[in-house]
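The values are calculated or read from the model by the stated rules, or taken from the named source; none is laboratory data. Remember, predicted model here, so these are calculated numbers, not experimental data. Cβ placement follows ideal geometry from the backbone for every residue including glycine, while neighbour counts extend to all protein chains displayed.
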Amino acid sequence: MLEIIRDRAQGLIVKIILGLITIPFALWGVDSYIRGGDKADIVAQVDGQNISGQEFSRALKEQQGRMRGAMGERFDPAILDRPEVRQSVLDELVQQRLLAMEANRVGFKLPDTLLASIIADIPEFQQDGKFSQSRYESMTRAQDMTPAVFESRLRQNLVIQQLFEGLSHGVAVPHASEEMVVRLAEQQREISQAMLVPEQYMIQLKVDPPAVKAYYDKHREEFLVPEQVRLDYVVLSADEMQQQMAVSEEEVKKYYDEHSAQYHEPEQRRASHILIAERSQAEQMLKEIKQNPTKFEEIAKQHSKDPGSAAKGGDLGFFARGAMVKPFEDAAFGMKDGEISALVQSNFGFHIIKLTAIRGGGARGFDEVRGEIAQELKKQKAVKKFAELAETFSNTVYEQPDSLKPVADALKLKIQSSPWISKKGGGMTPLNHPKLLQTVFSEDALKLKRNTEAVEVAPNTLVAARVAEYKAASYKPFEELNTELAKRLLREQGNAMAVKQGKDALASLQKGDAVADLKWGATILISRENASSMGRDVLNQIFRTDAGKLPAYTGIENAKGGYTLIKVSKVVEPGAIDPAKKKSYANPLRQALAQEYSSAYLASLKQKADISIRKEKLEKVEH
């Protein structure tokens, strides 16, 4: 179980002999930062354990980052002030706390040595291929965390993962249920469709001007143009400085000689395997493969007990030493390309290994890495130069707040101009930052016409701005929208008629009455796999229709307007189903059941727990 946690935590793990290195990790437990503290800062309690305002604020910031990444320039930071969004973020924290407490209660633990090993293997915390304590501390600090908090959160997440692994490990799908699901999934239905679209009814309709004006008045908030500014701004960026840095051949060669181990590629091997629990069955499989090696992938798909690789014919991809359990690794690194092993026993069962490729295992020459090293040295010089100039940049824009020219002249920076942008940002990378936008729309910047403070919008990137022009919020005039709104209103009315006609027609068809003027399309035979062009909602509607008496009819409102009538004229049941295909259905079904078990388990924990929330604090925490 711990080996699985290690693999899932990192994806690849470099072998570390912990006895030969010392990592001064704090390795505090979760309780060290969730108990105690200022009682006035508590936003919730879960069975006596506190969730602090600081912890909730960090969760809000993380949610903000996820939403910004998903929504881009459409993201509005104000959405995180909505009570339902804040409650959702707090619910996630409560769930994490409940699960961590339950994992501790049932005895799931993560040894300090394993946690240290996992952290030491994270590439972002390494320098020259080895763990760097200073890099570790600076990177956790950049995420507003101490190493102790990072370690506690990582430990909590991995222990919770252990808990869920334990819940899902024993989930089994009854054969009868598996057979039923497979046969339903493989069933085909012969259908035809009749489409009722808004356009065919719009020609019968007219929209009066007073109705358009009434629509505008009712939906006026949709047409609000938020306040906007046009900015002058300056950027101090290590990335831009990097282009100006120069390095000599001697510097590059010296760096290569001092970091030669960094440019040695470890040998990697690619293998496929078949995992079998019982020795007798494994021996039979091996005998069959030795007689016909081309059947390796087929046997892996049908019989391997490793769900992660079985569907891929047993393929595990490339891996270096330290990524696999030792018996497997020793066998794989002792084989020749194309060779099939004897049985290899590990804690997971018996493996039959096929080595499929070998790569790496040598040093990269100086000429090959000269360009990489030059860029790295330029980057280091630029970061150092940035650190030297950052204080001057910040002080100058603050001490001389009436113009950006002094800082531009002092540091040889270009004063740039932006297009019109709102509080939601304008899609421009250096300006689309919540803190900068908040500062730009503050009283100091808008009314007093002062420079903003220097804001770090990205690592080693500072921006200061001042408002060049301002537009107050206003509504788009009715005259500008008149034609567009008339078309919108006409389409809404046409859509309402299409939906009504569609539902009336469906009711008649289901009673056995004929309906005139319906134009049915060509008859097609579909399954759940070959109907991607139909859309998930239509497909689901087709296969949930009772086909006990044919033809059967159903219908659905279209997301883009109109109504679709569907006639099911034939049902084609599947014949014999390939065992490999049956297995491909069983795995997702088992995962779905495991998810249901986990959700029910979490619900029971919530029901038994004493949870109190201070809503007045919830609303005041900043993000």
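Cβ-Cβ distances below 6 Å connect the following pairs, each with a first residue in region 72-101 that is more than 24 Å from residue 605 (Cβ to Cβ), a second residue that is at pLDDT below 85 and outside any helix (DSSP H, G or I), and a separation of six or more residues or different chains: 73/425; 73/427; 76/424; 80/623.
Condition check ((1) among the basic types (Lys, Arg); (2) in contact (Cβ under 8 Å) with a residue 12 or more places away in the chain) across all residues:
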{"position": "476", "(1), (2)": "yes, yes"}
{"position": "486", "(1), (2)": "no, yes"}
{"position": "512", "(1), (2)": "no, no"}
{"position": "527", "(1), (2)": "no, yes"}
{"position": "538", "(1), (2)": "no, yes"}
{"position": "541", "(1), (2)": "no, yes"}
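Against the list (1) β-branched (Val, Ile, Thr); (2) in contact with a His (Cβ under 6 Å, 6 or more places away or on another chain); (3) outside the structural domain of residue 425 (by TED's automatic domain parsing), the condition residue 515 fails is (2). Every condition in (1) surrounded by 13 or more Cβ atoms within 10 Å (Cβ to Cβ); (2) under 29 Å from the mean Cα position of the chain (by Cα) holds for residue 429 except the one numbered (1).
From the list 344, 252, 234, 325, pick out the single residue that is surrounded by 14 or more Cβ atoms within 10 Å (Cβ to Cβ) and closer than 30 Å to residue 415 by Cβ.
Values: 344 fails: closer than 30 Å to residue 415 by Cβ; 252 fails: closer than 30 Å to residue 415 by Cβ; 325 fails: closer than 30 Å to residue 415 by Cβ.
Answer to the check: 234.
Residue pairs whose Cβ atoms lie under 9 Å apart, separated by 6 or more positions or on different chains, with the first residue in region 546-570 and under 30 Å from residue 489 (Cα atoms) and the second charged (D, E, K, R) and part of a strand (DSSP E or B), are 554/567; 563/557; 564/557. I'd like the full set of residues that are part of a loop (DSSP other than H, G, I, E, B) and touching a helix residue (DSSP H, G or I) at 6+ places or on another chain (Cβ under 9 Å), limited to region 538-562. Once the filter is applied, which keeps residues that are part of a loop (DSSP other than H, G, I, E, B) and touching a helix residue (DSSP H, G or I) at 6+ places or on another chain (Cβ under 9 Å), region 538-562 yields 551, 558, 559, 561, 562. The residue that is nearest to residue 608 (Cα to Cα), among those in region 102-114 that are aliphatic (A, V, I, L, M) and surrounded by fewer than 20 Cβ atoms within 10 Å (Cβ to Cβ), is 106. Take region 602-623 and flag every residue that is surrounded by 15 or more Cβ atoms within 10 Å (Cβ to Cβ) and part of a helix (DSSP H, G or I). Result: 602, 605, 617, 618. Taken over region 265-290, the residue count meeting the criterion of being assigned to a strand (DSSP E or B) and under 33 Å from the mean Cα position of the chain (by Cα) is 8.
Screening residue 320 with (1) among the hydrophobic types (A, V, I, L, M, F, W, C); (2) in contact with an Asp or Glu (Cβ under 9 Å, 6 or more places away or on another chain); (3) more than 30 Å from residue 118 (Cα to Cα) gives one miss only, at (3). If you filter region 292-308 down to residues that are closer than 18 Å to residue 590 by Cβ and in a helix (DSSP H, G or I), you find that the one that is nearest to the chain's Cα centre (by Cα) is 308.
Do we find that residue 84 is surrounded by fewer than 12 Cβ atoms within 10 Å (Cβ to Cβ) and either more than 21 Å from the chain's Cα centre (by Cα) or not in a helix (DSSP H, G or I) (or both) in this structure? Break it down into steps so the answer makes sense when it comes.
Values: surrounded by fewer than 12 Cβ atoms within 10 Å (Cβ to Cβ): yes; either more than 21 Å from the chain's Cα centre (by Cα) or not in a helix (DSSP H, G or I) (or both): yes.
For residue 84, the condition - surrounded by fewer than 12 Cβ atoms within 10 Å (Cβ to Cβ) and either more than 21 Å from the chain's Cα centre (by Cα) or not in a helix (DSSP H, G or I) (or both) - is met.
Taking the criterion of being assigned to a loop (DSSP other than H, G, I, E, B) and surrounded by fewer than 19 Cβ atoms within 10 Å (Cβ to Cβ), the residues of region 309-322 that qualify are 311, 312, 313, 321, 322.
Condition check for residue 355 on (1) under 21 Å from residue 278 (Cβ atoms); (2) surrounded by 13 or more Cβ atoms within 10 Å (Cβ to Cβ): one failure, at (1).
Within region 297-312, residues that are within 18 Å of residue 338 (Cβ to Cβ) reach partners that are among the small types (Gly, Ala, Ser) with beta carbons closer than 7 Å, at six or more positions or on different chains, in the pairs 297/313; 297/314; 300/272; 300/310; 300/313; 300/314. For region 415-423, state whether one or more residues are at pLDDT 95 or above and closer than 23 Å to residue 395 by Cβ. Yes; the residues of region 415-423 include at least one that is at pLDDT 95 or above and closer than 23 Å to residue 395 by Cβ.
Being among the small types (Gly, Ala, Ser), loosely packed, with under 15 Cβ neighbours inside 10 Å and out of contact with any Lys or Arg (no Cβ under 8 Å at 6 or more places or on another chain): is that true of residue 374 here? When the stated conditions are applied, residue 374 does not pass them.
List every residue pair whose Cβ atoms sit under 8 Å apart, with the two residues 6 or more apart in sequence or on different chains, where the first one lies in region 280-294 and is outside the structural domain of residue 340 (by TED's automatic domain parsing) and under 14 Å from residue 304 (Cβ atoms) and the second, anywhere, is at pLDDT 95 or above and exposed (fewer than 14 other Cβ atoms within 10 Å of the Cβ). Close Cβ pairs (under 8 Å, with a partner that is at pLDDT 95 or above and exposed (fewer than 14 other Cβ atoms within 10 Å of the Cβ)) do not exist here.
The requirement of being more than 18 Å from residue 587 (Cα to Cα), in a loop (DSSP other than H, G, I, E, B) and either modelled with pLDDT of 90 or more or not assigned by TED's automatic domain parsing to the domain that holds residue 270 (or both) is satisfied by residue 338.
On the given criteria, is residue 62 at pLDDT below 85 and within 21 Å of residue 159 (Cβ to Cβ)? So residue 62 passes the test.
If I filter region 593-601 for residues that are under 30 Å from residue 521 (Cβ atoms) and surrounded by fewer than 11 Cβ atoms within 10 Å (Cβ to Cβ), do I get at least one hit? Give the derivation first.
Going through region 593-601, the residues under 30 Å from residue 521 (Cβ atoms) turn out to be none.
No, region 593-601 contains no residue that is under 30 Å from residue 521 (Cβ atoms) and surrounded by fewer than 11 Cβ atoms within 10 Å (Cβ to Cβ).
Within region 185-232, the residues that satisfy the criterion of being of a type in the set (D, E, K, R) and under 30 Å from residue 588 (Cβ atoms) are 186, 189, 190.
Considering each of 504, 513 in turn, give the residue that is modelled with pLDDT of 95 or more and either more than 30 Å from residue 223 (Cα to Cα) or among the polar types (S, T, N, Q) (or both).
Numbers: 513 fails: modelled with pLDDT of 95 or more.
After applying the criteria, what remains is 504.
Flag: residue 525 matches the condition of being assigned to a strand (DSSP E or B) and within 39 Å of the chain's Cα centre (by Cα). Being of a type in the set (A, V, I, L, M, F, W, C) and either touching a strand residue (DSSP E or B) at 6+ places or on another chain (Cβ under 8 Å) or modelled with pLDDT of 95 or more (or both) holds for only one residue in 383, 463, 369, and it is 463.
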